[in-house]
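Structure, as structure tokens:
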Amino acid sequence: MNSYTAAWVLPIAGEPIHRGSISAENGRIVDVDDRAASEAIDLGGVAIMPALVNAHTHLELSYLRETVPPTEKFLDWIRTIMSTRRQYPDASDPRILDAARAAIAEARASGTGLVGDISNTLVTAALLREASMPAHVFYELLRFNAADPESLVREARARADAAADADGNLRVSLAPHAPYSVSPGLFGAIRADLDAHPGQVTSVHLGESPEEMEFIMRGTGPWRVLLEELGVWSDQWEAPGSSPVGYLDQLGFLDRRVLAVHGVQFDGDDLDRLRSRHMTVVSCPRSNQHVGVGAPPLEAFYAMNVNVAFGTDSLASAPDLNLFSELVEARRLAPRVPARTLLESATRKGAVALGFESDYGTIEPGKRAQLIAIRVPDAVDDVEEYLVSGIMPADISWVS
Ligand SMILES: [Zn+2]
């Protein structure tokens, strides 16, 4: 058994403990206490907390770091991504793999211990396994004019199963990209696949840009133009005439196992639906700013009692994979939300959304001892506020 004591312990499952201690055995938490055990190793002026959960990133896009400049128009960003990706047609290009490997190492160095990773190629599954980074990989499908969605999903499922780990630390499911890039039939086939795999979760980019709102409401605008340009427009597709949330709800796609990523454009009715379905919104505020879609209504998410998790999104729209930096932006956008609530979003809420809550996300007996220690200056009296004020890798160490 190993015991540690520190200036602060943040179990997330309860209030911060001043001068608390933690005991672990065989990689699992045995005890959390408000007294320092006599044989405990004293870590000194640090706060011990569960590793953070980055619930939305695209590790395979890490090679695009600093290549896609900030934009005012979302479609400009999409077009740049599409044309750059075409220059790297081989998914196992060493430049893609090396950048993704470095990104995983960077995420870990900044305190992340579980990721929700979106992948169109599944190359990141092996890299996550190699790095022993627990993850849910969402094998993302895009097809606006899918002729035979059932066979598309059947083939994708076989690849997903082959990429997953038997021990459950690396899970893979299918995920639709977004309402403007996936046909109703493909949404239905992915939903049927999810229903056939009761333990799994899925994810969809939803309510990200004003252009998405226009397209789903009226079938017009820049998305329509792009789909026609790409030769994938289908005359059979009729604009749903509702919000993207209303549309996917009509399709029967939404429930607690679906992570709704972004939600920048969500209104009160959308949030009502999400709450009634017990869903989680994954917010990536720095990315939203970079791609020109505006700021997410974070305070409304919390005020409407919707579950909120955080993600960095990819290095094509975020400067780094440090989730603590995402929390700084969240704190700026949601000054009335308690720091404790933001920290819970970055840990427990993410773990629950990804289906890993029995192992990760809090410090409680029985969970994995996947802990980080953050240096906290002596003068700090509000440790939770301090932890959302900007923590850099140099201040973080892993407790092993
Ligand atoms: Zn994304």
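Considering every residue within segment 84-93, establish whether at least one is surrounded by 24 or more Cβ atoms within 10 Å (Cβ to Cβ) and small (G, A, S). Reasoning before the result, please.
Residues of segment 84-93 that are surrounded by 24 or more Cβ atoms within 10 Å (Cβ to Cβ), as a first pass: none.
There is no residue in segment 84-93 that is surrounded by 24 or more Cβ atoms within 10 Å (Cβ to Cβ) and small (G, A, S).
Output the number of the condition that P134 fails; it satisfies all remaining conditions of (1) at pLDDT 95 or above; (2) more than 30 Å from S397 (Cβ to Cβ).
For P134, the failing item is (2).
Mind listing whichever residues of segment 5-19 are buried (at least 16 other Cβ atoms within 10 Å of the Cβ) and farther than 23 Å from E357 by Cα?
Passing the criteria: T5, A6, A7.
When segment 271-293 is examined, which residues are found to be away from the ligand (no atom under 16 Å from the Cβ) and open to solvent by 10 Å² or more (accessible area, probe 1.4 Å)? Even if it seems obvious, please write down each step before you answer.
Our first condition is that a residue be away from the ligand (no atom under 16 Å from the Cβ); within segment 271-293, this holds for 271-279.
Listed by number, the residues that qualify are D272, R273, R275, S276, R277, H278.
So which of T112, T84 is of a type in the set (S, T, Y) and in contact with a strand residue (DSSP E or B) (Cβ under 6 Å, 6 or more places away or on another chain)? It would help to see each step written out before you state the result.
Numbers: T84 fails: in contact with a strand residue (DSSP E or B) (Cβ under 6 Å, 6 or more places away or on another chain).
Of the residues listed, the single one that is of a type in the set (S, T, Y) and in contact with a strand residue (DSSP E or B) (Cβ under 6 Å, 6 or more places away or on another chain) is T112.
Identify all residues within segment 231-252 that are in contact with a Gly (Cβ under 8 Å, 6 or more places away or on another chain) and either within 16 Å of the ligand (Cβ to nearest atom) or open to solvent by less than 10 Å² (accessible area, probe 1.4 Å) (or both); write none if there are none.
Scanning segment 231-252 gives P244, V245.
List the number of the failed condition for I78; all other conditions in (1) in a helix (DSSP H, G or I); (2) open to solvent by less than 30 Å² (accessible area, probe 1.4 Å); (3) more than 19 Å from F356 (Cβ to Cβ); (4) modelled with pLDDT of 95 or more hold.
Failing condition for I78: (4).
For the condition part of a helix (DSSP H, G or I) and touching a residue at least 24 places away in the same chain (Cβ under 8 Å), what is the one hit in D255, D272? So that I can check it myself, show each step before the final result.
Details: D255 fails: part of a helix (DSSP H, G or I).
Among D255, D272, only D272 is part of a helix (DSSP H, G or I) and touching a residue at least 24 places away in the same chain (Cβ under 8 Å).
Under 9 Å by Cβ, and 6 or more places apart or on different chains, what pairs join a residue from segment 155-169 that is under 14 Å from G199 (Cβ atoms) and free of Cβ contacts under 8 Å to residues at least 12 places away in the same chain with one that is open to solvent by 20 Å² or more (accessible area, probe 1.4 Å) and part of a helix (DSSP H, G or I)?
Hits for this filter: zero, empty list.
Whether any residue in segment 151-162 is outside any loop (DSSP other than H, G, I, E, B), surrounded by 19 or more Cβ atoms within 10 Å (Cβ to Cβ), under 23 Å from the mean Cα position of the chain (by Cα) and among the acidic types (D, E) is what I want to check.
No, because not a single residue in segment 151-162 is outside any loop (DSSP other than H, G, I, E, B), surrounded by 19 or more Cβ atoms within 10 Å (Cβ to Cβ), under 23 Å from the mean Cα position of the chain (by Cα) and among the acidic types (D, E).
Which pairs do you get when a residue that is more than 11 Å from the ligand (Cβ to nearest atom), found in segment 41-66, comes within reach of a residue that is among the basic types (K, R), reach meaning Cβ atoms under 7 angstrom, with the pair 6+ apart or on two chains?
G45/R375; V46/R375; Y63/R95
The values are calculated or read from the model by the stated rules, or taken from the named source; none is laboratory data. Everything quoted here is computed from the prediction, not taken from an experiment. Counting neighbours? That spans all protein chains shown, and the Cβs are built from the backbone with ideal geometry, glycine included. Just the protein is used for accessible areas: all its heavy atoms, side chains included, with ligands, DNA and RNA removed. Shrake-Rupley method; radii C 1.70, N 1.55, O 1.52, S 1.80 Å.
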